[in-house]
Amino acid sequence: MLEIVRVPVLSDNYSWLVHDADSGRTLVVDPGEAQPVLDAAAARGWRIDAIWATHWHPDHVGGNAAIKAATGARVTGPEAERGKIDALDDGVGEGDVVSLGGHDARVMTVPGHTAGHIAFHFADDGVIFTGDTLFAMGCGRLFEGDAAQMFANMQRFAALPDATEVYCGHEYTQSNGRFALSVDGGNAALVERMARVDAQRAAGEATVPTTIGAERTTNPFLRAESAEELARLRAGKDAFKG
């Protein structure tokens with residue numbers, strides 16, 4: 001079993017430490033800054049061997065160079081964004097396999113938020129790291145791509161088993177849920193979920209990871225039936241003030 005630890009960084013980002021006890025190896029996904037990640041690893045007696053990046057945005061790769069300097073970890077990320085990712089060693093793309101000990105993750109290219117965005121799917125472990133594509137009750141902004149690309153991503157995610165755990169890059173669940181209620185307020189599962197989310201946030205608790213099953217029933221972007229519908233939803237969310 002993989003042990004996965006949430007590391008809050010910056011204002012609302014999450015980096016993820018992933019540890020394989022059998023091999024003793026540890027990686028970090030999307031270290032937005034170095035010190036909280038290094039401290040979290042040290043507190044558990046782990047040494048970081050690898051850094052995996054889902055995309056080039058500084059709040060996801062800002063800790064790469066310092067962690068690499070401190071630990072010697074190799075940095076893996078999207079080859080399509082090599083020129084934008086600090087300290088990148090190994091570029092990967094669709095269908096490539098990267099490993100942590102005996103655990104293999106397949107790379108999925110999921111553009112839209114950025115042109116070369118990738119996700120890491122540990123199919124045998126039922127785990128996926130989605131960066132800024134699939135969020136709890138939301139999806140990423142379309143900075144470098146379009147709704148057709150993001151719709152295709154959502155279709156790929158929706159095809160995964162319901163129990164798949166989704167580790168995303170931000171604590172956006174409450175704001176995403178408020179928008180979801182504005183467009184799907186008759187969804188009883190969504191209403192129930194938001195009550196739990198509001199209670200969690202009031203208590204200072206994190207709301208991720210989520211699961212594909214939970215998103216299938218409550219995420220309007222994952223439930224969109226066309227790229228046009230997703231485009232309307234994304235434009236609505238971009239302007240949403242609730």
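As an exercise, take the mean of 1/r over every pair of distinct alpha carbons in the range 1-160, invert it, and state the Kirkwood radius in angstroms.
15.5
In what sequence, highest mean first, do 91-102, 106-117 appear when ranked by Cβ atoms within 10 angstrom?
Working: 91-102: 15.0, 106-117: 23.1.
The densest-packed peptide leads the list: 106-117, 91-102.
Count charges around ASP124 for me, please; just the other residues with Cβ under 11 Å from its Cβ, Lys/Arg as +1, Asp/Glu as -1.
For residues surrounding ASP124, the net value is -1.
Mind ordering 167-176, 49-58 by average Cβ neighbours within 10 Å, highest first?
Values: 167-176: 22.3, 49-58: 24.0.
Final packing ranking: 49-58, 167-176.
Please state the relative contact order of the range 43-171 as a whole percent: Cα pairs under 8 Å, 6+ residues apart?
Details: 245 pairs, mean separation 24.0, N = 129.
19 percent.
As an exercise, find the ratio Rg/Rh for the range 118-242 from alpha-carbon atoms, using the Kirkwood inverse-distance average for Rh. Kindly include the intermediate steps, with their values, before the conclusion.
Details: Rg = 13.5 Å, Rh = 14.5 Å.
Taking Rg over the Kirkwood Rh, I get 0.94.
Can you list the trypsin sites (Lys or Arg not before Pro) in the range 127-213 that are in a DSSP coil and have 16 or fewer other beta carbons within 10 angstrom?
Here the trypsin sites (Lys or Arg not before Pro) that fit, given the DSSP loop and packing criteria, are ARG141.
Relative contact order of the chain, please, whole-number percent, based on alpha carbon pairs below 8 angstrom and at least 6 residues apart.
Rounded, it is 14 percent for the chain.
Which lysines, on any chain, are close to LYS84 with Cα under 25 Å apart, when same-chain ones fewer than 8 places away are left out?
LYS68
Tell me, what is the percent relative contact order of the range 114-242, built from C-alpha pairs under 8 Å that lie six or more residues apart? Could the numbers behind the result be given before it?
Values: 190 pairs, mean separation 40.1, N = 129.
Over the range 114-242, the number comes to 31 percent.
Tell me the angle of helix 227-239 to the major Cα principal axis of the chain, expressed in degrees between 0 and 90 and rounded to the nearest ten.
Once rounded, one gets 80 degrees.
Round to the nearest 10 and give me the degree value, 0 to 90, for the angle of helix 147-158's Cα axis relative to the longest principal axis of the chain.
That helix lies at roughly 80 degrees to the long axis.
Tell me, how many Å apart are the Cα centres for the range 144-162 and for the range 188-227?
Measuring centre to centre over Cα atoms gives 17 Å.
Whole-Å semi-axes of the range 39-103's equivalent ellipsoid, largest first, each the root of 5 times a Cα gyration tensor eigenvalue?
Details: eigenvalues 83, 48, 17 Å².
That gives 20, 16, 9 Å for the three semi-axes.
Over the chain, with every protein chain in place, what whole percent of the accessible area is carbon and sulfur at 1.4 Å, could you tell me?
Numbers: 4850 of 9880 Å².
It is 49 percent, rounded to a whole number.
Which angle from 0 to 90°, rounded to the nearest 10, does the C-alpha axis of helix 173-184 make with the longest principal axis of the chain?
Computed tilt is about 30 degrees.
Which value at 222 nm does the chain reach when only helices count, each DSSP H run of 4 or more adding -39,500 (n - 2.57), with the total divided by all residues and rounded to the nearest 500 deg cm²/dmol? Before the final figure, lay out each step's value.
Details: 9 runs with 84 residues, N = 242.
Helix-only estimate at 222 nm: -10000 deg cm²/dmol.
Zone of ASP104 (label point 7 Å along Cα→Cβ, backbone N under 12 Å): which residues in the range 161-189?
Under cut-off, by backbone N: nothing.
The values are calculated or read from the model by the stated rules, or taken from the named source; none is laboratory data. Keep in mind the model is a prediction, meaning the values are calculated, not measured. Neighbour counts run over all protein chains shown; Cβ positions are idealised from the backbone, glycine included. Accessible surface is based on the protein model in full, side chains and every heavy atom, while ligands, DNA and RNA are left aside. Shrake-Rupley method; radii C 1.70, N 1.55, O 1.52, S 1.80 Å.
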